[in-house]
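The values are calculated or read from the model by the stated rules, or taken from the named source; none is laboratory data. Since the structure is predicted, the reported quantities are computational estimates derived from the model, not experimental observations. Positions of Cβ are backbone-derived with ideal geometry, glycine not excepted, and every protein chain shown enters the neighbour counts. The area values use the complete protein model at the heavy-atom level, side chains included, leaving out ligands, DNA and RNA. Shrake-Rupley method; radii C 1.70, N 1.55, O 1.52, S 1.80 Å.
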Amino acid sequence: MLNKSRLIAEYVRSIGILEESQVKNVLKSQVESGGRLSEILTGIGFLKIEQLRDLIVQEFSLARSPIFDMEIPFDVLQKIKPNLAYRHRMMPLKYVDDVLTVATDDPLNLLAQDNLENLTGCKLNFVLTSETNLSIALEKHYGGNKNILDAVASKKDSEIAVSFKGAAGEVAKEEEKEEAPIIKLVTQIIAEAVKNRASDIHMEPLEDKFRIRYRIDGVLHEVPGPPKQLQPSIISRLKIMAGMNIAEKRLPQDGRIRISGAGKDLDLRVSTLPALYGESVVMRILDKSSFMLGLKELGFLHGDADTFEKLIHLPYGMLLITGPTGSGKTTTLYASLSYINKPNKKLITIEDPVEYQISGINQVHIRPSVGLTFASGLRTMLRQAPDVIMVGEIRDAETASIAIQAALTGHLLFSTLHTNDAAGAFTRLIDMGVKSYLVSSTVQAVMAQRLVRKICDNCKEEYPPNLEELYVLGYKQGDPKAAGIKLWRGRGCKNCNYTGFKGRIGIFELLLNTDEIREMIVKRLPSPEIRDAARRHGMKLLREDGLSKAMEGITTISEVVRITHGYEE
């Protein structure tokens, strides 16, 4: 540590920024606080951090390595605990012949490097990677900064902030004394998911371990899971809570758990699937507050919100929301229905399943086993004289045909389709067998959407874009128009689990059915031509809307590219 400190001291003194006494104070402050040297130097006004980093890289011959796509064995990950990995921004990569290779994005973090050698008891070999690559790798391999088993061991019963309600939650009172550790562990797994704003909990039995992953802001994060031998007990406990048959392990099952956590009531939709090494369990955490958003909270920019509000107040016609699973289509539909839900209108929905009950709306859950499908339910709903109908998804020709007829006969109908972009919805309906002239006259608008992660407000910082980001924005190297452009990113903090992101927001592609587009639909022209016509009328593509949000500091360029990659040229 002495030689490294002396190297930094000599360099800082040589460029005349700090006096020797100030250098000593900086190094002393680092030892006392345990903070990162770059942060301490920045805090006192040192502006040549990049030069200093380059010197350290050259002096210690640090190799550079992109690590975001590396597969790292679990036993190597255990060499550094998650909280230390996040705090010191260090990622173990491989362990060979008692040498642990560790990636870092801060070569100035010398004190942490020395401390890590003492904590791991290994000889360390450091490689340098970019801040983005390291953040992706930490998210992928560690997910959160807390080990579930450690969390369970450190908490008292009264501190676990999840309680179960209803009959399913009251089962197994007699076995609570014997199985208290399992009950506590399952409760804590769910509590941690709720605390970290997860939308899904995935429990996957693998050959040599029982893997647990949380889906947070659309990205799966693996967390250190319980021992493999606890797998049967954990799955049995969950099946009891969800009202399932614990003896049936050969067939898939579905159930629900109602819980109170984080100051609100939540539903867990539980699904089990027999797999090679045991039953795989997925729990979807349904939070009603996430569906009760206003139109502004969905993420519309400027005039798009006004345009969409006019569309959902139309007296008749069809409004389609498109996108893959997990793109927020249901949230948009619920927000739209809640906005127009007034005493003078009758609203009926048919869904699979009904995610949440909305007061004042008649909601129907399809049951194919007894003949209640989207098509049969929709046909019956028309005899209920509704003003607005919502069909969860148009999956087949029969449903599409009845939906078109409903829109033609004076009903406003909302539904979803699985297409990549807005223009593809027209050709999808025609491919299902709907006449092109009926599609052109009933579909008022199509909106494609995706969800991007929002920059954490707590650690948000401004920075100048690099060449790659300028290229994505449409600028070339040396373009004078690019001067002064600023972007934003999250540094990573405790508030966002050191990911730099917290929450998600929609990006949209809103296609209005104009007279020109109607003629193109009747002629059955391909979707790229329809998309080009819509762009001439002012439609923004998904990526363009996302980049607008990046320029406003809502999300990042890399996040927009990640979400829209493969959908647009």
Item to complete: Quick one: which residues, 5 or more positions from residue 206 or on another chain, have an amide H under 5 Å from its amide H? H modelled 1.01 Å from N in the peptide plane, none for Pro or chain starts.
Response: 211
Worksheet item: Roughly how many Å² is the accessible area per residue of the stretch 415-566, as a whole number, for a 1.4 Å probe?
Response: 47 Å²
Worksheet item: Working out 0.36 nm times the residue gap between residue 346 and residue 516, then minus their Cα-Cα distance, what length gain in nm do you get to one decimal?
Response: 57.9 nm
Discussion item. If you roll a 1.4 angstrom probe over the protein chains with everything in place, what fraction of the accessible area of the stretch 354-476 belongs to carbon and sulfur, to the nearest %?
Written reply: 46 percent
Fill in: For the stretch 305-425: rounded, prolate or oblate by the Cα gyration tensor [a/c cutoff 1.5]
rounded
Worksheet item: Between the DSSP loop rule and a limit of at most 10 other Cβ atoms within 10 Å, which trypsin sites (Lys or Arg not before Pro) in the stretch 489-566 are left?
Response: 523
Worksheet entry | Approximate spin-label separation residue 305-residue 457, in nm, with each point projected 7 Å along Cα-to-Cβ | 1.4 nm
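Can you tell me the convex hull volume per residue for the stretch 470-554, based on C-alpha atoms, in Å³ to the nearest whole number? Intermediate results must be reported in sequence, preceding the final value.
Values: hull volume 11.6 nm³, N = 85.
Looking at the stretch 470-554, the number lands at 137 Å³ per residue.
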Worksheet item: Which whole-Hz ³J(HN,Hα) couplings does the stretch 463-473 yield from phi under the Karplus relation 6.51 cos²θ - 1.76 cosθ + 1.60, θ = phi - 60°, glycine and proline marked x?
Response: 7, x, x, 8, 4, 5, 5, 5, 4, 4, 6
Worksheet, complete the sentence: Expressed in angstrom, Rg and Dmax over the Cα atoms of the stretch 401-532 are 21.0, 58
Discussion item. Taking 0.36 nm per residue of sequence separation and subtracting the Cα-Cα distance, how much length would be gained by fully extending the chain between residue 251 and residue 486, in nm to one decimal?
Written reply: 79.2 nm
Practice prompt. With label points built 7 Å along Cα→Cβ from the Cα atoms of residue 313 and residue 127, find their separation and express it in nm.
Written response: 5.9 nm
Worksheet item: How much of the accessible area of the stretch 209-342, in percent, comes from carbon and sulfur atoms when a 1.4 Å probe is used?
Response: 54 percent
Worksheet, complete the sentence: For the pair residue 206 and residue 99, the simple spin-label estimate (label points 7 Å beyond Cα toward Cβ) gives in nm 2.7 nm
Practice prompt. Just the number, please: Stokes-Einstein D of the stretch 191-254 in µm²/s, Kirkwood Rh from C-alpha pairs, 10 °C, 1.306 mPa s.
Written response: 123 µm²/s
